[in-house]
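Trainee: First, the structure itself, so that you have it in front of you.
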Amino acid sequence: MRRGHSGSSYRWWRYAMVILVLCRACLANTETFNIYIPGDFPVKAMDTQQDDSIDHGLPRMVLHNINYKMQRFDVVPGEAFYVQVDELRQNENYQVRISWTAADGVNVGDMGHVVVPHGAEFRGTVEERARVMVYFQVEAEAYPALAAGRVPVHMAVVNIKMGIPVDLYSIALYVLAVVGTAAYAICRWDPYRALKAEML
């Protein structure tokens, strides 16, 4: 009986590991890094009508009263691309994800973020408040050379709570529910014992 329980538990853990590997493969075209907004960062609310617009020549993403946002940008390969991220909260961690499709034959190399002080000029723009700029660079890796002048890239900014990005909470709860249900079913009904009884 004990051998049957241990074998079933091993199989369930093996299936869980396979699922994790498959999830990692699906995220193969995603690069991530984290940003911390300190408590003394001068946060100033802005007009939400400026959301998703390109003001003063810089793409902009606004997280107005939300913890997660994804936005698509058409990026020129070989050039550094900057996105101004507004309304980040103080004393919070954020995960930035840069994702793209394998069909485009590109890769994201250099990426990170810079903090622009208030009143400082940055790429031809000046604002009276400090700004957070996320940047990344798309490099063509296709042969023959990439014909498209621009490549669609998705950028997501996700608030991190208790060490986990908030958009993964629903997935984590779902996995826990499935594993818990499976464990309960195995404890209440031993499949090894049932199969052995049928074979006899």
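Trainee: Contact list please: Cβ distance under 8 Å, first residue in the stretch 172-186 and exposed (fewer than 13 other Cβ atoms within 10 Å of the Cβ), second residue modelled with pLDDT under 80 and not aromatic (Phe, Trp, Tyr), pairs at least six apart or on different chains.
Mentor: Filtered contacts from the stretch 172-186: no entries.
Trainee: Are any residues in the stretch 70-108 loosely packed, with under 13 Cβ neighbours inside 10 Å and either hydroxyl-bearing (Ser, Thr, Tyr) or more than 17 Å from residue 156 (Cα to Cα) (or both), and if so, which ones?
Mentor: 78, 79, 90, 91, 101, 102, 103
Trainee: In the stretch 95-177, which strands (runs of 3 or more DSSP E) lie fully inside it and hold 2 or more residues that are touching a Pro at 6+ places or on another chain (Cβ under 7 Å) and not basic (Lys, Arg)?
Mentor: 131-140, 151-161
Trainee: Please go through the stretch 67-94 and pick out each residue that is more than 26 Å from residue 169 (Cα to Cα) and not in a strand (DSSP E or B).
Mentor: Scanning the stretch 67-94 gives 76, 77, 78, 79.
Trainee: Where the second residue is small (Gly, Ala, Ser) and crowded, with 16+ Cβ neighbours inside 10 Å and the first is closer than 28 Å to residue 149 by Cα and lies in the stretch 104-125, which pairs have Cβ atoms under 6 Å and are six or more apart or on separate chains?
Mentor: Hits for this filter: 106/140.
For (1) at pLDDT below 90; (2) over 18 Å from the mean Cα position of the chain (by Cα), each residue gets a yes or a no:
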residue	(1), (2)
18	yes, yes
55	yes, yes
70	no, no
85	no, no
98	no, no
109	yes, no
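Trainee: Just name the residue that is modelled with the lowest pLDDT out of those in the stretch 146-163 that are in contact with an Asp or Glu (Cβ under 9 Å, 6 or more places away or on another chain), aliphatic (A, V, I, L, M) and buried (at least 17 other Cβ atoms within 10 Å of the Cβ).
Mentor: Residue satisfying both the conditions and the ranking: 146.
Trainee: If you don't mind, another one. Could you figure out which of (1) at pLDDT below 90; (2) surrounded by 12 or more Cβ atoms within 10 Å (Cβ to Cβ) isn't true of residue 133?
Mentor: Residue 133 satisfies every listed condition except (1).
The values are calculated or read from the model by the stated rules, or taken from the named source; none is laboratory data. Note that the structure is a prediction, hence the values are computed from the model and not measured. Every residue, glycine as well, gets a Cβ built from its backbone with ideal geometry; the counts of neighbours run over all protein chains shown.
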